[in-house]
Amino acid sequence: MTATTSTRTLRVGSPKQAGGDAPRKRPLLQPRGYLWILPALVLSVGLIYYCIGYTGYISTLDWNGTAPDPTSVGAANYVKVFQDPVFWEAIQHTIISFLVTFVIQTALGILFAVLLHSKVRLGVVYKIVLFVPVVLAPAITAPVFRQIFAYDGQFNWVLTHVGLGGLAQPWLAQSSTALPVIMSITIWQWTGMTFILYYAAMGQIETEVLEAARIDGAGNIRTLVSIIWPGIRGTTIALATLSAIGALKTFDIPYLVSMGGPNFATEFLGTLIYRQSIPLGNVGYGAALSIMLLVLALIMGIFLNTRGREKKEVR
Amino acid sequence: MMFQSSVAKRRRSTLIVALGVATSLALALVGCSSSTATASGSATSGKITWWGWTPEIGVGKQYIAAFNKVYPNITVTYKQVATASYDSVIRPALASSVGPDVFNMAPGGGIGSIGSYQGSAVDLTPVVTKALGSNWKSKVAPIGPSGLTTSSGKLAALSVGSTFAGPMWINPDLFAKYNLTPPKTLDEWISTCQAFKSHGVTCFEQGAGDPGFNMDLIHAISDSIQPGLWTQASTGKAKWTNPVFVQAWTIFQKMFSNGIMQTGALGTQQYPDVNNDFLAGKTAMVMMGTWYMQYSTSAGATAAVSAAGVANAKPFPVVSIPFPDVAGKGNPAPLFGDADFGLAVNVKSKQQKAAETFVTWLATNEKAQQVVSNALNDISALTNVSPSWPDITLVDSAKQQSTLDALIKQAGTVTEPRLGAINKALGQALGVASASVAGGKATPQQALATLQATPGIG
Amino acid sequence: MFEARTRRAKVVLQIVITLLVLPFLFPLIAMVQGSLAGAGWQNYLTVLSVPELPLFFRNSAVVALGTIVIVYALTMLAAFGFSKLHIRGKEVYFWMLLAALTLPEVVLLTPLFSTTTTLNLYNTYWAVILPLAALQVPFTILLARNFMNGIPDELFDAARVDGAGTVKGFWYIILPLTRPIAAAIIVLTLIGAWNDYLLPLVFLVDPTTQTITLLPQFFVGQFSNDQTKVLASAVITAIPEIAAYLCLQRLFERGLSAGALK
């Protein structure tokens, strides 16, 4: 998304400067906008950067959050972060979770969008079913999923009744299956959003182009690959960035459904930070983890942005 | 002309945006809340708030109603905070000027830890001395003050009552239905579970995804091998690598494969999963502490069973049994505990005197302690108070009353702490060790070596 | 998009989408089913008769409305600035905002503990509204700016030539044209604010200021956890959001479709 914003800005400014006399006047004509963006900057940047600064300061302390005399420990908390095996596990889970959920959500989102643009009956009903999970808070849905994936839960019940009883297992109790369960809940929750964005983006593809392709004899799959997919490329890049940010921020679902367990199998940075800062009272260490999260997010943002931009230029 | 107009426009836009900024700032400032304060306040009147994760809201209201019969002019508002969020809620509250006047505190390094919040608590030694005399310590269960006094000697909270872990609770109806007897040894435990399994009933259920309750289980196992060693290790006087612990952890690990633990134990939480299953009659045995006594009463059991999602709730008489002698050593059944919670008075309270009146009354007044005792949630802090059975309707007093009496009597002699000797670092390390052993990620030897090497545990 | 000319193809499409949607429907059914277990509809009556319920609804509405108003106002002002006005170092400011997108609520908790208490905002709606708005604004500005980029500059310039000022242009041209994206912003902000659990839990401690997300807590005690009523309160809590989405659905989709996220 960031990639596109910058190219868009370029488009707003540069092509006009090349065309006629309007461009030269434009910078003069264009009123200054500092004051317009100021309130948003004061609130968001002010509050959030203040919090980052404060967190950075706390990350150098050995502090339980209440003691009046925290001791300064320099970079010791960061050294601890790098030595903490759970931190590395959390990073691994974040990467896996991002890749899997992004790919599946994208595939499902495009599929649903294409299907619902294909004049199926009762489209609104499907749309609502897909979007309701977006609306529901994880705090609400977590107990439902705990029940569904319990050993005597509905998921195993369905498996048994469709003749796959052999696959029934305690999904949330095993390190090997707990993370896939968490990922499937994430997919359940966010596919509606992906779908809506693709649905909207596909609405922008001109019908003439599609019809022309049909006249040329292109089938459904061919149309999807060579017209629809390129047409929604921007949305895909934006969603990749948003999913990556979402993966880094993951907290509610693993915290509420599996408590980061069993045996840290569903630990994410968010759950680790929460556990360290609040129940365990290692506020300094939690702050160091928070700063690591921010650094990772920035690296990732820059990486995705530059890659996205390169591709744009190639096109 | 153009220049002028653009300046004028700019001014206008400046004005509008400046207004926006100003309002948002003003809005931020309006938010300042002011509370009316009377410094320190009166001891017999005022409005105080009390926050805790326990007792249940209904029990809390009972306590307050009894208190108001003596002190009608002190209004107490009790707010129960969910166990999982108590620490995140209480921390900013105590830092603010509008926090609770009275708050719960617990021994050890877990929820509401004395280590974390003692800085916000008033020293209660003067008031308890005033209420019970200078020999006050002889009148209360020793387990109370021992866990709630700081290393510098400040009595940070007064224990209202204690809870103990170690026993198991059974559903006697299920045992009778399949003609089974509660297990007394590890082998009997395994065979009982096989029998229940053959009838499609869950035998024993443990929230093994919950480190705290795993600790109770392993603690009980190691106490049946060698009583007291757990506490010695917790205070650094013994090593966690001791063969006794290796044996205890091995027994614990084997429970996941020998049919004692239910399938999927590691994904289960003690609350709500295990509790709801037991109360709904799906499970024959659970390991819960003395707080389970409250389900012996008709009212307590009926409410709990219906809260477990059962329509037309019909309660069954829960009964406690001693923890099976899993190592065959013939040691007495393990029982360990501490103050369930202590009441602390917030140093920033503007109604400190009234708050002290409430805390002292609940913790030291015989009538108050009788209410606590009769609620059967906690075992009263005053040693001369015990439940008055004529006032309590049990589900089946023939089956229940004698075991309850025995349990309460045994608890009165216990000096072994459940949480009190376990600091935050140790609690965390024990949680990691039990999870890795339960999940088969480490052998007991490996896990215990890691545990012993953890800094700050003793 | 897909062409299904024959009747059979149409039926196949319909079946395919129905099968694909089933896994999404399944948890929703389990939720409603769970809320009707045990005492049946009585669960809903019990939840609806919680005396604090109207108060909680009001408080959630206050928080959601406050957040929406602030987010909408700040977003529109800033997106207009970013899209149509001259700002040196525009990209730098924009990036600073976007970086804030990456911040999870959990990270804010500790700093906010101290800030809210020193600013005396603790236990006021502002302690929830301001952080919520601050976290929402970067994303909504991104959406709104991209939407406004799609509005031709000429339209705005023409109005200015006609003598309308920047403010008037904003008020009479930009605001009406941005209604679709406003709908998207409102729905997204409503979801974020209405569902928020952590901030109200920690910063709104007075029973009179607590929000609807704490409703299930009434049925979760230290030793009890009445799942049936927890789920019934979940369903009740979700209804206003679903209603809002249904009402704004068309505008919402139009807002997102006009290149909001490309």
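Given the DSSP H assignment, sum -39500 (n - 2.57) over each helix run of at least 4 residues in chain C and divide by its residue total; what's the result at 222 nm in deg cm²/dmol, nearest 500?
That comes out to -23500 deg cm²/dmol.
Rounded to the nearest 500, what is chain B's calculated 222 nm mean residue ellipticity when only DSSP H runs of at least 4 contribute -39500 (n - 2.57) each, over all residues?
It lands at -13500 deg cm²/dmol.
What order do you get for A:197-210, B:62-75, A:66-79, A:232-245 when each peptide is scored by the mean count of other beta carbon atoms within 10 Å, highest first?
A:232-245, A:197-210, B:62-75, A:66-79
Using only the alpha-carbon atoms, how far is helix B:186-198 inclined from the longest principal axis of chain B? Give it as 0 to 90 degrees, nearest 10.
80
Restricting things to alpha carbons, find the Rg to Rh ratio for the range C:124-212 using the Kirkwood radius for Rh.
So for the range C:124-212, dividing Rg by the Kirkwood Rh gives 1.16.
Would you be so kind as to identify all helices of chain A, as entire DSSP H runs, whose Cα atoms reach 30 Å or more along the helix's own axis and whose mean Kyte-Doolittle hydropathy is at least -1.0?
Helices passing the filter in chain A: A:85-116, A:175-203, A:283-314.
Ignoring ligands, DNA and RNA, please state the percent of accessible area on the range C:52-257 from carbon and sulfur, probe 1.4 Å.
Roughly 68 percent of what the probe reaches on the range C:52-257 is carbon or sulfur.
Can you tell me the relative contact order of the range C:52-257? Whole percent, Cα pairs under 8 Å, sequence separation 6 or more.
For the range C:52-257, the relative contact order is 33 percent.
Scan around B:Asn377 for amide H atoms under 5 Å from its own, H built in the peptide plane at 1.01 Å from N, and keep only partners 5 or more places away or cross-chain.
Here the answer is none, since no amide H 5 or more places off falls under 5 Å of that of B:Asn377.
If you count, for every residue in A:125-135, the Cβ atoms of partner chains within 10 Å of its Cβ, what is the mean?
Averaged over the peptide's residues, the number is 6.
Ordered by residue, what ³J(HN,Hα) values in Hz, to whole numbers, does the range B:66-71 give under the Karplus form 6.51 cos²θ - 1.76 cosθ + 1.60, where θ = phi - 60° and Gly and Pro are x?
Coupling constants for the range B:66-71: 5, 5, 5, 5, 8, 10 Hz.
Hey, got the Cα dimensions of the range B:109-266 along the principal axes, in Å, largest first?
Ordered largest first, the range B:109-266 gives principal extents of 60, 38, 26 Å.
In peptide A:271-281, what is the residue-averaged number of other protein chain Cβ atoms found within 10 Å of each Cβ?
What the average comes to for A:271-281 is 6.
How high is the relative contact order of the range A:86-314, in percent, counting Cα pairs under 8 Å that sit 6 or more residues apart?
28
Among the lysines, which have Cα under 24 Å from the Cα of C:Lys229 when same-chain residues fewer than 8 positions away are ignored?
Within the straight-line limit of under 24 Å, C:Lys229 reaches these lysines: B:Lys61, B:Lys79, B:Lys282, B:Lys314.
Contact order normalised by length for chain B, with contacts defined as Cα pairs under 8 Å and 6 or more residues apart; what percent is it?
Relative contact order of chain B: 25 percent.
With a/c under 1.5 counting as rounded, go ahead and sort the range A:86-314 into rounded, prolate or oblate using the C-alpha gyration tensor (a ≥ b ≥ c being the square roots of the eigenvalues; past the cut-off, prolate if a/b is larger than b/c, else oblate).
Oblate is the answer for the range A:86-314, as a/c is 1.5 or above yet b/c matches or exceeds a/b.
Using the heavy atoms of the protein chains alone and a 1.4 angstrom probe, what is the accessible area of the protein assembly as shown per residue in square angstrom?
Value for the protein assembly as shown: 40 Å² per residue.
List the lysines whose Cα sits under 27 Å from the Cα of B:Lys237, skipping any in the same chain fewer than 8 residues away.
Qualifying lysines at Cα under 27 Å: B:Lys137, B:Lys154, B:Lys329, B:Lys424.
Name the lysines eligible as straight-distance cross-link partners of B:Lys139: C-alpha to C-alpha under 17 Å, and not fewer than 8 places from it in the same chain.
Leaving aside lysines fewer than 8 places away in the same chain, those within reach of B:Lys139 are B:Lys130, B:Lys367, B:Lys409.
Round to the nearest 10 and report in Å² the accessible area of A:Trp171, as given by a 1.4 Å probe over the protein chains' heavy atoms.
40
Please report the buried accessible area for the interface of A with B, total over both chains, probe 1.4 Å, in Å² to the nearest 100.
2200
Is it possible to state the helix-based mean residue ellipticity at 222 nm for chain A, with each DSSP H run of 4+ residues giving -39500 (n - 2.57), the sum divided by total residues, to the nearest 500 deg cm²/dmol? What is it?
After summing the helix terms and dividing by residue count, I get -23000 deg cm²/dmol.
Taking the Cα atoms only, what angle lies between the long axis of helix B:243-254 and the longest principal axis of chain B, rounded to 10 degrees?
Approximately 90 degrees, to the nearest ten.
Kindly count the pairs of lysines across the range A:86-314 whose alpha carbons are less than 29 Å apart, treating pairs on different chains or eight or more residues apart as eligible.
4
Which angle between 0 and 90 degrees, to the nearest 10, do you get for helix B:298-307 versus the longest principal axis of chain B when only C-alpha atoms count?
The answer is roughly 70 degrees.
Counting only other chains, and only Cβ atoms inside 10 Å, what mean value do you get across the residues of B:267-277?
Taking the mean over all residues of the peptide, I get 5.
Counting each pair of different Cα atoms once, what's the Kirkwood radius of the range C:52-257 in Å, rounded to one decimal?
Taking every pair of different Cα atoms in the range C:52-257, averaging 1/r and inverting gives 18.8 Å.
Provide the packing ranking of B:393-405, C:143-155, i.e. peptides ordered by the mean count of other C-beta atoms within 10 Å per residue, highest first.
By packing density, highest mean first, the sequence is C:143-155, B:393-405.
Roughly what % of Cα-Cα distances in the protein assembly as shown sit above 37 Å, to the whole percent?
54
Highest mean first, how do C:229-235, A:211-217, C:84-90, B:167-173 rank when packing is the count of other Cβ atoms within 10 Å averaged over residues?
C:229-235, B:167-173, C:84-90, A:211-217
The values are calculated or read from the model by the stated rules, or taken from the named source; none is laboratory data. Note that the structure is predicted; figures quoted are calculated from it, not measured. So basically every Cβ, Gly included, is an ideal-geometry build from the backbone, and we count neighbours across all protein chains shown. Just so you know, the surface numbers come from the protein's heavy atoms only, side chains and all, with ligands and any DNA or RNA stripped out. Shrake-Rupley method; radii C 1.70, N 1.55, O 1.52, S 1.80 Å.
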